[in-house]
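First up is the structure itself, then whatever we jot down about it.
The values are calculated or read from the model by the stated rules, or taken from the named source; none is laboratory data. From a predicted model like this one, the values you see are computed outputs, not experimental measurements. Positions of Cβ are generated from backbone atoms using ideal geometry, with glycine treated the same way; all protein chains shown enter the neighbour counts.
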Amino acid sequence: MARVVEKDRRYVLHPITDAATHARSGPSICVVSGDGIYVEDIDGRRYVEASGGAWCLALGHGEEQLVRAAAGQMRKLSYSPGFFGRACEPVALLAERLTAMAPFAARRVLFTNSGSEANDTQLRLLWYANNLRGEPQRKKVLTRHRAYHGSSGLSAGLTGLPVFHADFNIPDSFVRRLTAPHLASEGVPGEDEAAFVSRLRDELKDTIEAEGPETIAAFFAEPVMAAGGVLIPPKGYFPAMQEVLDPYDIPLVADEVVTAFGRTGAVWGSDTMSVRPSSLTLAKQLSSAYLPIGAVVVGEDLEAAAIEGSDRHGVLGHGFTYGGHPVCAAVALRTLELFDERDVYGHAEAMSAVFEQRILQLAGHPLVAAAEGIGLIGAIELDPEVGVDPWDPALLSKHCVDECMREGLLVRQAGLRTCFCPPLIIDAEQIDEMFGRYERVLDRLLTAGR
């Protein structure tokens, strides 16, 4: 297996990775197997998947039902494109199920390979519909600083994290970014939740008026901002935003790539955070990450645009070779069935109380500046100013990741915020184990040399 590590160092260009360090030192870990919430590396060490891979491993590793679904569909029909109106059973059944369970009056689903492609598609369909309606000036999109909506061309433009823009020349002249709805980091001294929400509501209204409401295509929003550091908005935030959006007929696109399917303690993050979406972006837990699949769930307006555009142009000129792949759809369909058959949503809701209680207990640690969680997603923010010899923030962040690896804990670090997003199948004992390991990391960091 040492040869595999060297081949990885020599030949693989990893995404979202320090490429210079990887080229010199090789991969941070080489994983060879997984079971439930755990993975094992080439040296036989076990780790807790505390971030669910990349926010997505809902049913954990080794779910035999999903293996059978993939193998069965491969034997029956290994591939068929969705182009030219070609249908296949798992895609049609999955689309029917998603439209039936969506938290708005959904009509149709366009399948993609990822959340990035799905958000790209959302924006293309919005622009397409506006052009067909004779409103070509509606091109601008409202998003938030610290948002993540993807890393492809258009979706990276929507993303509000600087590292995804630096030296890439990503087109984003059509984007207007608003304040991230996170009181602890974005509030001003003396501001409570109500005042904070009021200020962000005024900011939204002022931005729309300044830009011209007739130029705004949509407002893209994650119910909980994951990659930005698990930023949980105040409960009144989304109702206040929609009070502003609705009179202008500005649609709200709910990016539920991370929050859908039980992550926030409800089936939809939109339900948890009182979002009334016009359309949905889905991926990740849709297949429990076993195979790549994304989805754009649309209502009557975008359905009508697709039909009208095809009458005008002869075809809806958008799609992906593997979008709506029958094997990926079969796995996603079985994933949704398992969520219901095993009451995964009920289990996740029950474990939410345990998760939230345990993460908040760590708020009292001397190295912790803040801790928050909702459902089975949360973050702990480190305080670099603790002690007589304060940390450099970047160094503290790096040391935290390294110590978590030593402790057998795979986490997602967003600056000083350690993010947790374990598989939905995690139980109370495993939650305690996960945060127990992290507490030992905090204790070591507290006494570590700078």
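For the reader, a short list of remarks on this structure follows.
- The set of residues in region 268-291 being more than 21 Å from Leu123 (Cβ to Cβ), in contact (Cβ under 8 Å) with a residue 40 or more places away in the chain and of a type in the set (Gly, Ala, Ser) consists of Ser287, Ser288, Ala289.
- Qualifying residue in region 70-83 (condition: at pLDDT 95 or above, under 30 Å from Tyr47 (Cα atoms) and outside the structural domain of Ile377 (by TED's automatic domain parsing)): yes
- Qualifying residue in region 312-323 (condition: of a type in the set (S, T, N, Q) and touching a residue at least 24 places away in the same chain (Cβ under 8 Å)): yes
- Scanning region 112-164 for residues that are of a type in the set (S, T, N, Q), crowded, with 23+ Cβ neighbours inside 10 Å and not in a helix (DSSP H, G or I) returns Thr112, Thr143, Thr159.
- Residue in region 427-442 that is within 16 Å of Glu372 (Cβ to Cβ) and without any contact (Cβ under 8 Å) to a residue 60 or more places away in the chain present: no
- For region 3-15, a tally of residues being under 29 Å from the mean Cα position of the chain (by Cα), free of Cβ contacts under 8 Å to residues at least 60 places away in the same chain and exposed (fewer than 11 other Cβ atoms within 10 Å of the Cβ) returns 2.
- Complete set of residues in region 260-315 that are assigned to a loop (DSSP other than H, G, I, E, B), within 28 Å of Gly85 (Cβ to Cβ) and β-branched (Val, Ile, Thr): Ile293, Val315
- Residue within region 307-319 that is in contact with a Ser or Thr (Cβ under 6 Å, 6 or more places away or on another chain), more than 18 Å from Leu282 (Cβ to Cβ) and surrounded by 14 or more Cβ atoms within 10 Å (Cβ to Cβ) present: yes
- Residue within region 186-204 that is of a type in the set (Lys, Arg) and within 18 Å of the chain's Cα centre (by Cα) present: no
Each row is one residue, and each column tells you yes or no for (1) in contact (Cβ under 8 Å) with a residue 60 or more places away in the chain; (2) of a type outside the set (A, V, I, L, M).
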| site | (1), (2) |
| --- | --- |
| Leu338 | yes, no |
| Gly346 | no, yes |
| Gln357 | no, yes |
| His365 | yes, yes |
| Pro384 | no, yes |
| Arg406 | no, yes |
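- Residues in region 165-178 that are closer than 17 Å to Ile216 by Cβ, part of a loop (DSSP other than H, G, I, E, B) and in contact (Cβ under 8 Å) with a residue 12 or more places away in the chain: Asp172, Phe174.
- Single residue of region 230-259 satisfying the filter (of a type outside the set (Gly, Ala, Ser) and assigned to a strand (DSSP E or B)) that is nearest to Ala289 (Cα to Cα): Asp255
- From the options Ile37, Ile42, residue that is surrounded by 13 or more Cβ atoms within 10 Å (Cβ to Cβ), in contact with an Asp or Glu (Cβ under 6 Å, 6 or more places away or on another chain) and either under 28 Å from Glu64 (Cα atoms) or in the same structural domain as Ile425 (by TED's automatic domain parsing) (or both): Ile37
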